[in-house]
1. Beyond 15 Å, how much of the Cα-Cα pair distribution for the range 22-108 remains, as a whole percent?
2. Net charge near Y101, counting Lys/Arg +1 and Asp/Glu -1 over other residues with Cβ under 13 Å of its Cβ?
3. What's the exposure ranking of S119, S60, S67, S25, going from fewest to most Cβ atoms within 10 Å?
4. Can you list residues from other chains, or at least 5 along the same chain, whose modelled amide H is less than 5 Å from the amide H of W108?
5. Which of F56, F77 comes first, and how do the rest follow, when ranked by fewest Cβ neighbours within 10 Å?
Amino acid sequence: MKILPKSARETKSAFFGKKGWALHSILVYMRKSESHQLDIQVFDHWSADTCQDAWFTASSLHAVIESLQVKPDWVTFLSDNGPHYHNADLMLILGHWNEWYNITVKKWVFLETGEAKTSIDSHHAQISHAINRYVRLGFDINEESGRKKKNSIPGNSNWYEWSWPTEEINTNRLTIEELKKQLKEYGVDTDTC
């Protein structure tokens, strides 16, 4: 689902070429081992990259599997017929799940639009309603409202390579450089360190 800042209720044909966010939701139904009750969990994955491809889907599925307390023995997927699901790359990735996660992928069922996806569709409707209400109240969902960037290294988007120090002599270099930078902010001379 694509979330658009001002109008979360446009038709799919109006989505193309616009900026927004990608929302990928995964609904997990698991039977509790001690009973016949279903444990239902929803996992929402938000991305500023609106291109939902096989790799986006695979990384979303990986995050869900890694966060489950109890891993299932097998899975069956139900989804729409979108190209980010219905492609060879994703099917090849899922072919390795038994090796990687010890989970057998039984099958993937591709549903037509509006066919038996009411749970996820109503979840998306609730999100769209909340966003519309937030915008109607005068808030701007494009602003970060005072949040500071975390774990950001200035200029790293211009780097062509990232290396981790592995030799014994350099293993603490990144930590020491960061400490020197912080000490300089408090007026400590670090040139002699």
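Values in this text are rule-based calculations from the coordinates and carry no lab data. From a predicted model like this one, the values you see are computed outputs, not experimental measurements. FYI the Cβ positions are ideal-geometry reconstructions off the backbone, even for glycines, and counts take in every protein chain you see.
1. Across the range 22-108, Cα pairs with separations above 15 Å total 61 percent.
2. Once all neighbours under 13 Å are counted, the net charge is -2.
3. S67, S119, S25, S60
4. F77
5. F77, F56
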